[in-house]
């Protein structure tokens, strides 16, 4: 349920931004899937190859453009890694905070309640 709400929130927020296109949306969807598989850890190291495959992104430069755009527009936090074996860090902090507050408002055990 949590991932669905985050995606709905992203789609609403990005609808107002004419610079967000299908590639950005595809990448964001892949990042949310990856984040969910990491038990919503924030920040989380990302496997670029896996995320590119899920997002149907073929070029590394296209991936870099989209991920930097998402970071610049405030949808994610992005901390690139110079070490290829460690992976870059992605943060969904803004959305994590909003959903912690949402879960607490529900009174059903906090953040864990909407997993």
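The values are calculated or read from the model by the stated rules, or taken from the named source; none is laboratory data. Owing to the predicted nature of the structure, the values given are computational and were not obtained by experimental measurement. Every residue, glycine as well, gets a Cβ built from its backbone with ideal geometry; the counts of neighbours run over all protein chains shown.
Just give me the residues in the stretch 1-26 being without any contact (Cβ under 8 Å) to a residue 24 or more places away in the chain and assigned to a helix (DSSP H, G or I), in sequence order.
Answer for the stretch 1-26, where residues must be without any contact (Cβ under 8 Å) to a residue 24 or more places away in the chain and assigned to a helix (DSSP H, G or I): 4, 8, 11, 12, 15, 22, 25.
For the stretch 27-47, how many residues meet the condition of being outside any loop (DSSP other than H, G, I, E, B) and crowded, with 17+ Cβ neighbours inside 10 Å?
Going through the stretch 27-47 one residue at a time, the tally reaches 9.
For (1) surrounded by 14 or more Cβ atoms within 10 Å (Cβ to Cβ); (2) at pLDDT below 90; (3) closer than 14 Å to residue 3 by Cβ, each residue gets a yes or a no:
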site: 25; (1), (2), (3): yes, no, no
site: 55; (1), (2), (3): yes, no, no
site: 65; (1), (2), (3): yes, no, no
site: 75; (1), (2), (3): yes, yes, no
site: 81; (1), (2), (3): no, yes, no
site: 90; (1), (2), (3): yes, no, no
site: 105; (1), (2), (3): no, yes, no
site: 114; (1), (2), (3): yes, yes, yes
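When residues of the stretch 92-103 are filtered for being part of a helix (DSSP H, G or I) and at pLDDT 80 or above, how many remain?
0
Within the bounds of the stretch 51-69, is there any residue that is in a loop (DSSP other than H, G, I, E, B), within 12 Å of the chain's Cα centre (by Cα) and closer than 14 Å to residue 91 by Cα?
no
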